[in-house]
Amino acid sequence: MKYIFVVFLLIFLSVSCNPIEKLNVGSDFTTSGSVLVINEGNYNWQNGSISIIYTDSQNAVNEAYYLVNKTKLGDVPQSALIHNDNIYILVNNSGKIVKLDKNSLKLLDEIEGFVSPRYIVEKNNTAYVSDLYSSTISILDLDNFSVIEQISTPKSTEQMLILGNKLFIANWAAGNKLLILDTESNLFTDTILLVEEPQSMVLDKNDDLWVLCSGGFTSIDYPALFCISTQKNEIKYQFNFSSKTFSPTNLCINPTKDTLYYINESVFRMAITDECLPSEVFIEKESQIFYGLAISPDNKIWLSDANDFVENSNVAVYFTDTKLFASYMLGVNASHFYFLP
């Protein structure tokens, strides 16, 4: 847990273990092809942060937000939205959303007063925000950066996905439903019963929605992976995990949208045409605690190891044959990766 509050730490780690290389903070902090990483930090420690990785040089800058704004980001940054010239970061335990300039990372504005914002999706400059401890979805006007409406939900909400005029919402903690909202009227039009705690979701190349359910914090249900027809709003396939002690998370999909990845202690890979869950491990867990997972537009696997959840995270980048491409030491509890175009 040493050095968690040290700033101006610029770390460059690659497979070849090149020495640390200092980077200058300029007006354009992010560049085309760089990766923004959300480091959650620890609950109530106010040590959440942002890292920037420059994939062309394999350099990394930690505490990027502090370097630019000379203030801490807040308590448990959760996720982000990159939209037009801005980056919106949801800071969970601080109950706020901060708006940054996409290039400089300079703080432009923030909205406080949320209970526990989790995820954000956008359509036509309108954004929907899920919440862990509030049974509401907040609707933002991104032009004015203000809350314009709140919609009541049966339970707390987690990840969301928009397709056409449908907003699919995971009804998360102690919930077992997928909610479907009409984005034209902002009224719920359908509900699909799943199993406890749908957590993450992706769209495949056929516009089928895949939803991963953990089975619940207290293992009420067997975890399950669902494939759902977005046209008919009905379940096409249900794949049940073999044990209630499993806790699968972080469902992702590759750029061609035909291969799924998720963490169940180790990392597993599954084609959307497979008829059962994979039994073969894709990336084997050893001493790591795999925490964050993403697939980049160039089809590399980004995987974070939370270590003991107090020390800084190790992030490894793999080719699809599991050969290591690069590795980095980032902030505490690196969880989400955002790939700048």
Residue count, the range 248-271, condition among the hydroxyl-bearing types (Ser, Thr, Tyr) and in contact with an Asp or Glu (Cβ under 8 Å, 6 or more places away or on another chain), comes to 1
Which of the residues belonging to the range 293-314 are among the aliphatic types (A, V, I, L, M), buried (at least 18 other Cβ atoms within 10 Å of the Cβ) and within 21 Å of residue 73 (Cα to Cα)? 306
With the requirement that a residue be assigned to a loop (DSSP other than H, G, I, E, B) and either without any contact (Cβ under 8 Å) to a residue 60 or more places away in the chain or of a type in the set (D, E, K, R) (or both), what does the range 92-116 give you? 92, 93, 94, 95, 102, 106, 113, 114, 115, 116
In the range 169-188, what count of residues is obtained for those that are in a strand (DSSP E or B), of a type outside the set (Lys, Arg) and surrounded by fewer than 21 Cβ atoms within 10 Å (Cβ to Cβ)? 4
Right, residue 155: modelled with pLDDT under 95 and at negative phi or not? yes
For the range 151-166, enumerate the residues that are surrounded by 14 or more Cβ atoms within 10 Å (Cβ to Cβ), more than 19 Å from residue 196 (Cα to Cα) and free of Cβ contacts under 8 Å to residues at least 40 places away in the same chain. 151
State whether the residues of the range 284-304 include one that is in a strand (DSSP E or B) and more than 15 Å from the chain's Cα centre (by Cα). no
Count, please, the residues in the range 117-135 that happen to be part of a loop (DSSP other than H, G, I, E, B) and closer than 23 Å to residue 341 by Cβ. 2
Within the range 125-135, the residues that are out of contact with any Asp or Glu (no Cβ under 7 Å at 6 or more places or on another chain) and at pLDDT 95 or above are 127, 128, 129, 131
On the given criteria, is residue 271 at pLDDT 95 or above, exposed (fewer than 14 other Cβ atoms within 10 Å of the Cβ) and more than 25 Å from residue 54 (Cα to Cα)? yes
When the residues of the range 234-264 are narrowed to those that are of a type in the set (A, V, I, L, M, F, W, C) and assigned to a loop (DSSP other than H, G, I, E, B), which ends up nearest to the chain's Cα centre (by Cα)? 246
Close pairs (9 angstrom Cβ cut-off, 6 or more residues apart or separate chains): within 14 Å of residue 101 (Cβ to Cβ) and free of Cβ contacts under 8 Å to residues at least 40 places away in the same chain in the range 60-74, assigned to a helix (DSSP H, G or I) and not hydroxyl-bearing (Ser, Thr, Tyr) anywhere: none
Among the residues in the range 69-83, are any over 30 Å from residue 208 (Cβ atoms), among the basic types (Lys, Arg) and surrounded by fewer than 22 Cβ atoms within 10 Å (Cβ to Cβ)? yes
Mind counting the residues in the range 189-219 that are in a loop (DSSP other than H, G, I, E, B) and either of a type in the set (S, T, N, Q) or surrounded by 14 or more Cβ atoms within 10 Å (Cβ to Cβ) (or both)? 11
Give the range 315-331 a look and list any residue that's surrounded by fewer than 23 Cβ atoms within 10 Å (Cβ to Cβ) and on the phi < 0 side of the Ramachandran plot, or say none. 316, 317, 318, 319, 320, 321, 323, 324, 325, 326, 327, 329
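The values are calculated or read from the model by the stated rules, or taken from the named source; none is laboratory data. This structure is a prediction, so every number in the text was calculated from the model and none was measured. Note that each Cβ is placed from the backbone with ideal geometry, even for glycine, and that neighbours are counted across all protein chains shown.
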